Amino acid sequence: MSWEGGPGRFGPDRNTVPWSVRDILVILALVIVAFFSAIFMITALLDLLFSARPDLDRAALADSAPVVTALLALQWVITLAVPLTYFKIRGYPLSAFTLGFRRTRFWSAAGWLAVAIFGTLVFEAFYNALIPRLFGEGYLPQNVPSQDVTTLYGSSAAAIVTTFVIVAVITPVVEELFFRGIVHRGLEQALGFGWGATFSATVFVLAHVNYRLFPVIFLLGFVLSFLVHEAC
C-alpha cells in the first residue's frame with residue numbers, strides 16, 4: 001500500500017492512509033508537549049487558587065468528581081484535537097473509513113473480540129500468578145487509585161450511567177481512534193503488521209505509565225491492532 005498524489009487524494013488502494021511514520025512521530029511529540037503544557041498551566045492555576053484560598057483542601061479537590069471529570073475531558077480533547085488539527089493543517093483527507101471504521105461481519109467481529117478479551121484475561125491471570133513467585137508480592141500490579149471513575153460518582157442510577165459512558169464508551173473510542181486508527185494504521189502501512197503492531201502497542205503501554213502491567217497492556221494493544229488489521 002502506498003500514498004500517491006500528495007495531500008488531498010488517495011492512492012489506488014482505499015485502505016491507504018495519507019500520514020507517514022514521520023507524521024506519527026510529530027503527532028506523538030505534539031501530544032506530549034500539549035499534555036505537559038496543560039499540566040503546567042493547571043498546576044499554576046491551582047497554586048494561585050490555593051494561595052488565595054488556603055482553607056481549601058488540595059487532596060479533596062483533586063479527587064473530586066468535577067475535577068477528575070474535567071481532567072478526563074481535557075485528556076480526550078488533547079488526544080484527538082492535536083492529531084486531527086495536524087492532519088487538517090497538512091491537508092490530509094479524513095473520514096471514518098480512513099480512521100479504520102468500516103462495516104464488518106458482526107458475528108465474526110464479535111468472535112474475534114471475545115477471543116481477544118478472553119486471551120488477555122487468561123494471560124493477565126497467568127502473569128499475576130507468576131510475578132509473586134519470581135519477584136515477590138511487592139511486584140504485583142498496584143490497586144487502582146482511589147479516584148478511579150468506577151468509584152468516583154457513587155452508586156446511584158445516574159452515577160452508574162455516567163461511569164458506563166466514561167469507562168465503556170468515550171474512553172475506549174478515543175483511545176481506539178488515536179492508538180489504532182491513527183498510530184497503528186500509519187505504522188502498519190509503512191512497516192507491515194508485525195512491526196507496526198509492536199510499535200503501536202509499545203506506545204499504548206507508555207501512555208498508560210504502569211510498568212508493572214507492561215506485558216498485559218502490551219498484549220492488549222497488540223491484539224487490538226490485530227483486530228483492526230483483520231477489519232481493514
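The values are calculated or read from the model by the stated rules, or taken from the named source; none is laboratory data. This structure is a prediction, so every number in the text was calculated from the model and none was measured. Note: ideal-geometry Cβ built from the backbone for every residue, glycine included; neighbour counts use all protein chains shown. For the accessible areas, the whole protein counts, side chains as well, though only heavy atoms, and no ligand, DNA or RNA atoms are used. Shrake-Rupley method; radii C 1.70, N 1.55, O 1.52, S 1.80 Å.
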Qualifying residue in the range 66-79 (condition: open to solvent by 50 Å² or more (accessible area, probe 1.4 Å), more than 30 Å from T98 (Cβ to Cβ) and not in a helix (DSSP H, G or I)): no
Every residue from the range 80-96 that is surrounded by 12 or more Cβ atoms within 10 Å (Cβ to Cβ), aliphatic (A, V, I, L, M) and more than 17 Å from the chain's Cα centre (by Cα): L94
Filter result (at pLDDT below 85, among the small types (G, A, S) and surrounded by 12 or more Cβ atoms within 10 Å (Cβ to Cβ)) within the range 26-65: A62, S64, A65
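Being open to solvent by less than 30 Å² (accessible area, probe 1.4 Å) and modelled with pLDDT of 90 or more narrows it down to one residue among F193, F218, F204; which is it? Outline the logic, then answer.
Details: F193 fails: open to solvent by less than 30 Å² (accessible area, probe 1.4 Å); F218 fails: open to solvent by less than 30 Å² (accessible area, probe 1.4 Å).
Only one candidate passes the filter, namely F204.
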Close pairs (7 angstrom Cβ cut-off, 6 or more residues apart or separate chains): of a type in the set (S, T, N, Q) in the range 173-196, surrounded by fewer than 18 Cβ atoms within 10 Å (Cβ to Cβ) anywhere: Q189/M1; Q189/T16
Odd one out for L74 among (1) free of Cβ contacts under 8 Å to residues at least 24 places away in the same chain; (2) out of contact with any Phe, Trp or Tyr (no Cβ under 8 Å at 6 or more places or on another chain); (3) of a type in the set (A, V, I, L, M, F, W, C): (1)
Near pairs, Cβ below 6 angstrom, 6+ apart or cross-chain, from the range 89-110 (modelled with pLDDT of 75 or more) to any residue that is surrounded by fewer than 11 Cβ atoms within 10 Å (Cβ to Cβ): G91/G8
Helices (runs of 4 or more DSSP H) wholly inside the range 128-183 containing at least 2 residues that are more than 30 Å from V21 (Cβ to Cβ) and modelled with pLDDT of 80 or more: 157-164
